[in-house]
Amino acid sequence: MIHASARLLLVAVIISLPFSLSQAQDTSFVQRTISIVETTNPIDVDGELNEDSWSQADNQSDFWESSPEDGRRAGLKTEVKVLYNDEGLYVGATLYDDNGQVISSLKRDNFGGSDGFVVVIDPLAQKANGFAFAVNAGGAQTEILLSAERGDDSWNNRWRSATKVYPDRWTVEMFIPYKTLRFDKDNREWGINFVRFEIGLNEEHVWSPVPRQFDPGDLGYCGKLIWDEAPAEQKRNIALIPYATVSTSNDFSGEDAKKTSLDIGGDAKISLTTGLNLDLTVNPDFSQVEVDALVTNLSRFNIFFPERRQFFLENADLFGNFGQGANQPFYSRRVGLDPSGNTVPILYGARLTGNITEKLRIGAFNMHSKTTDVATGQNFTSLATEYRIGKRSNIKGLFLNRQAYDGSESIDGNYGRNVGGELNLSTEDGKWSGKAGYIHSYKENVQDKNKHVYGRFDYSGERFRTFLFMQNIGENYFADMGFNARVNNFNPNTGETVRIGYTQIGTMQNYYIYPKSEKVNFHWSGIENFIIINNGGLLNDWYTRFRHFIFFQNTSQLRFRLNHIFLDLVYPFALTETPLPAGQYDNWEFNVQLNSDTRKDINFSLFSVYGGFYNGNKFTNTIDINFRSQPWGNFSVGFENNRIRLPEPYGNLDITLLSARAEVNFSTALFWTTFFQYNTQANRMNINTRLQWRYAPMSDLFLVYTDNYVTLDRLKPTGRSLVLKANYWLGI
C-alpha cells in the first residue's frame, strides 16, 4: 500500500524536475520608471485631482495585465501621478471604467472583492521589505507590510486618502507621510508599483509588469521612483498612543464573578533614524481584537492561529519567518496569551526594529508578563539579524529566551532558549529560491536530540511550480516562544504526553494550463506528498493528494481532490470515548468544492468530503452563504458537519460547526461587526459584537460585547464582558 504511493511520487518527481528546468516565461518584463515632482502648493486630499500641481506631475499610463494573462496591455486605461513636499508624498490616480464599480465593503482592512487601487513602495529598493497602501472605490483603506515571504494587512499606520466616482471613471488621492515609512535619507531611487484590481472583469492590472505566477505586489518587480533630491530625514518622529478602557465582566465560574475595572496604558513609536524604529508599550490592552474563529479539529495535534495584535505586527517577519511551515521557533501568540487564547496581562514591552545599514536589518524586543494566581510571570527576549546578500538573498540569525519569574526574582532552571540561523537564496526574478536553517534549543538538563534542521527548494514558473522540503526535529527540541504541532503525543491510556522527534519530507508539483477561452482563466493540476518518519525509522504519516482546479473567468471555481492517507498510530487516539487503537490505518478520500461568482450579491461555497477515516469513514459537508448589500452591508452564514462512523466499540460522531457574521458599515470610519459561533465538538457557543469609530487618524473608540456559553446538557453562560476603549494617536 505504501510502496505504490512511493512509486507514484518518484515518477512525478522524475518527470517534473527536468520539465521545470525547461520552463521559461516568454514575456520580457521591463522595469519602468516614474519621476516624482515637488509641489509647494497645498493639496486637498479629496479625490478630485483639481490642483494645478497635478498638471505638472509625470503622468504614467499604459498599464499591463498581470492576471488572468500577463504580457499584454490592460484593456482599461489607468493614469497615475506622484508629487512630494516636505512632509510626504502624494499619489493621484484616474481609473477609467464606465461599467460601474464593485464595492464589497466600506470597512477598513477588508480590501478583497472590491475594485481597488494599490501603491506598492520599497523605499530601500532592496526587493525585501516594503509597504502597500490600498483603497477601494468606496474609499475604504488597507495598509500592508510586505516582505519577501508574506504580506500582513493587520498593520495600521497614518496616511490619508479619498476617492470620487464619476460616470466614466473613478479617482484616488493619497498622502503618505514620510513618518509612516522607513527609508534611507541618501537613497534617490525607490521601488514602486501601482496595482489596479478590476473585479468586474476579474482582472489585475499593474504599472510595472509582473508575471502572473506572482502576486501583483511582489517587491521583486517594482519599477523605479526617481527623486530629484532624496527626502530629508524627519527630525522628530514620535507618536504617543495612550488608551483608556472601562470594562465590566462576569465570570460565572468564580465567587467574585462580577468585576468592573478602569485600565490605562499606551504605546509609543519613536523613529531613531529613517530606517530604525523603537516601539514601547506599558500595560497593553488588546480587548478590541476580534475573537479567534472556532474550528473543528479532527487531528491529533494543535492548530496554528494567526496573530491579530497590532504591537506584534510591524517588522514581524524579522522574528517570525524562521523555521519550516508551522514549525516556527518564534510565535508571537506565546507572549501575552495562554494556550487557549486567553489574555495573560503584560507589564511592559519594548521592540527595536529596522535597518542599521543598507544591508543589515535588526530586531530586538523584551516583554514581561505579570505574575497571576494561576501562572508565574514570564520575561520574553528576542534578538534577530538579517544581512542582505545579492539582490534577493539574505542570511539571518536568531536568539530567543523565555525566563520565568516569581515576582522580581527569576526562577532557576525555568527557562527555554533557542539559537540559530538561516540562509535564504533567491534569483533576482524570484523563480528559484531555497533556504537552509538550524535552530538549537536549550533547557535545564537537556543535552541531546534538541535540534531543528530544515531546508527547502522552490521553483515558480509560469506553468510549472514545485517545492521540496525536509526537516528534522529532535524529541528534546523545545520552542517555548514558538509553535510545533506534533512533537507532543498524548497517550490516553496513561494520561501521559510523550515527546517523539521526527523527520518530515514534503514535495509538490503543480502544472497550470491557460486556455484561450472566454469562460476559463486557467486549470491547475498537481500532486503533493508529505511524509513523517518518527526518529527511529518508523513511518508515522504518509499523505498524498492529487488535485485538479478550474478557475473561471466569472470568479467561480471548481476543485477536485483525491487524497491517500496512511497513519501508523504510536499511541491510541481518543477521538471518541473509546480511543482508537494504535496501529496502521490506510484510507482514501475524495472531495469536491464549488465556489460561486463572488461578484454577485449572493454567493456561496460548497465543500464535500467522503472517504475512509481510521477504521471507519467520514462524510464532511460545508456550506458558506454570503449576502452583500453594496457597499454598506455583508452578511454570511456557515455550516460544517462531520458525520463519522466507526465500528464498535468506538462509536460514532456527529460534529457541527455553525457561524454567522454581520458587518454593517455606516461610513469608512464607523463599523459594526457581530460574530456568532457554535461548535458541538468543543461544546461552546460565543457571540462577539464590536462597534468601531475612527474619529481621527489612527484614533479609535471601541465598544465590544462578548458572551460565552458551554452547551453540554443545556446552554450555560461561562463569561460575559462589555468593554469601552478609546485610544488617540498623538504625533509629536
Residue, farthest from residue 95 (Cα to Cα), within region 38-59, restricted to residues that are among the aliphatic types (A, V, I, L, M) and surrounded by 17 or more Cβ atoms within 10 Å (Cβ to Cβ): 43
Residue within region 264-280 that is of a type in the set (Asp, Glu) and either over 24 Å from residue 484 (Cα atoms) or more than 21 Å from the chain's Cα centre (by Cα) (or both) present: yes
Scope region 284-339; condition crowded, with 18+ Cβ neighbours inside 10 Å, out of contact with any strand residue (DSSP E or B) (no Cβ under 8 Å at 6 or more places or on another chain) and of a type in the set (Phe, Trp, Tyr); matching residues: 312
Test: residue 251 is touching a residue at least 40 places away in the same chain (Cβ under 8 Å), over 30 Å from residue 236 (Cα atoms) and either in contact with a helix residue (DSSP H, G or I) (Cβ under 7 Å, 6 or more places away or on another chain) or surrounded by fewer than 18 Cβ atoms within 10 Å (Cβ to Cβ) (or both): yes
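Out of the residues in region 531-560 that are outside any strand (DSSP E or B) and touching a strand residue (DSSP E or B) at 6+ places or on another chain (Cβ under 9 Å), state the one that is farthest from residue 69 (Cα to Cα).
So, considering only residues that are outside any strand (DSSP E or B) and touching a strand residue (DSSP E or B) at 6+ places or on another chain (Cβ under 9 Å), the one farthest from residue 69 (Cα to Cα) is 535.
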Qualifying residue in region 112-120 (condition: at pLDDT below 90 and either surrounded by fewer than 24 Cβ atoms within 10 Å (Cβ to Cβ) or β-branched (Val, Ile, Thr) (or both)): yes
Filter result (part of a strand (DSSP E or B), surrounded by fewer than 16 Cβ atoms within 10 Å (Cβ to Cβ) and either among the polar types (S, T, N, Q) or touching a Cys at 6+ places or on another chain (Cβ under 7 Å) (or both)) within region 400-413: 410
Criterion (touching a residue at least 24 places away in the same chain (Cβ under 8 Å), within 24 Å of residue 512 (Cα to Cα), surrounded by 17 or more Cβ atoms within 10 Å (Cβ to Cβ) and in contact with a strand residue (DSSP E or B) (Cβ under 7 Å, 6 or more places away or on another chain)) met by exactly one of 634, 563, 587, 626: 563
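Any idea which of 668, 673 is under 30 Å from residue 162 (Cβ atoms) and outside any strand (DSSP E or B)? Even if it seems obvious, please write down each step before you answer.
Values: 673 fails: outside any strand (DSSP E or B).
Exactly one residue qualifies, and that residue is 668.
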Count - residues of region 644-659 that are crowded, with 16+ Cβ neighbours inside 10 Å and part of a strand (DSSP E or B): 6
Lone unmet requirement of (1) over 30 Å from residue 721 (Cβ atoms); (2) touching a residue at least 60 places away in the same chain (Cβ under 8 Å); (3) touching a Leu at 6+ places or on another chain (Cβ under 7 Å) for residue 350: (1)
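Considering only residues of region 682-726 that are free of Cβ contacts under 8 Å to residues at least 60 places away in the same chain and among the small types (Gly, Ala, Ser), which is farthest from residue 297 (Cα to Cα)?
It comes out as 696.
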Single unsatisfied condition, residue 268 versus (1) closer than 22 Å to residue 705 by Cα; (2) of a type in the set (Gly, Ala, Ser); (3) in contact (Cβ under 8 Å) with a residue 12 or more places away in the chain: (1)
Complete set of residues in region 647-686 that are in contact with a Leu (Cβ under 7 Å, 6 or more places away or on another chain) and among the polar types (S, T, N, Q): 652, 665, 667, 668, 677, 679, 683
Residues of region 273-297 classified as assigned to a loop (DSSP other than H, G, I, E, B), touching a residue at least 40 places away in the same chain (Cβ under 8 Å) and not charged (D, E, K, R), total: 14
Tally, over region 168-205, of residues that are part of a loop (DSSP other than H, G, I, E, B) and more than 25 Å from the chain's Cα centre (by Cα): 8
Of all residues in region 687-716 being among the hydroxyl-bearing types (Ser, Thr, Tyr) and either surrounded by 17 or more Cβ atoms within 10 Å (Cβ to Cβ) or in contact with a Leu (Cβ under 7 Å, 6 or more places away or on another chain) (or both), the one that is farthest from residue 159 (Cα to Cα): 709
Residue within region 150-159 that is farther than 30 Å from residue 322 by Cα and of a type in the set (Phe, Trp, Tyr) present: yes
Residues of region 236-248 satisfying the condition of being touching a helix residue (DSSP H, G or I) at 6+ places or on another chain (Cβ under 6 Å) and touching a residue at least 60 places away in the same chain (Cβ under 8 Å): none
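Yes/no per residue for (1) in a strand (DSSP E or B); (2) exposed (fewer than 15 other Cβ atoms within 10 Å of the Cβ); (3) free of Cβ contacts under 8 Å to residues at least 40 places away in the same chain; (4) not basic (Lys, Arg):
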| site | (1), (2), (3), (4) |
| --- | --- |
| 354 | yes, no, no, yes |
| 361 | yes, no, no, no |
| 374 | no, yes, yes, yes |
| 386 | yes, no, no, yes |
| 398 | yes, no, no, yes |
| 418 | yes, no, no, yes |
| 422 | yes, no, no, yes |
| 428 | no, yes, no, yes |
| 439 | yes, no, no, yes |
Residue match in region 514-530 (condition: under 30 Å from residue 203 (Cα atoms), polar (S, T, N, Q), at pLDDT below 95 and assigned to a loop (DSSP other than H, G, I, E, B)): yes
Some residue of region 484-496 being under 30 Å from residue 555 (Cβ atoms), assigned to a strand (DSSP E or B) and in contact (Cβ under 8 Å) with a residue 40 or more places away in the chain: no
Among the candidates 106, 76, residue that is farther than 25 Å from residue 228 by Cα, hydrophobic (A, V, I, L, M, F, W, C), in a loop (DSSP other than H, G, I, E, B) and over 29 Å from the mean Cα position of the chain (by Cα): 76
Hits in region 695-730 (condition: assigned to a strand (DSSP E or B), charged (D, E, K, R) and farther than 19 Å from residue 249 by Cα): 700
Positions within region 298-324 being touching a residue at least 24 places away in the same chain (Cβ under 8 Å), aromatic (Phe, Trp, Tyr) and farther than 17 Å from residue 487 by Cβ, in sequence order: 305, 311, 319
Checklist (1) assigned to a loop (DSSP other than H, G, I, E, B); (2) among the β-branched types (Val, Ile, Thr); (3) within 30 Å of residue 496 (Cα to Cα); (4) within 30 Å of the chain's Cα centre (by Cα) applied to residue 598, failing item: (3)
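The values are calculated or read from the model by the stated rules, or taken from the named source; none is laboratory data. Not measured: the values here are computed from a predicted model. Methodologically, a virtual Cβ is constructed for each residue, glycine included, from the backbone with ideal geometry; neighbour enumeration extends over all protein chains shown.
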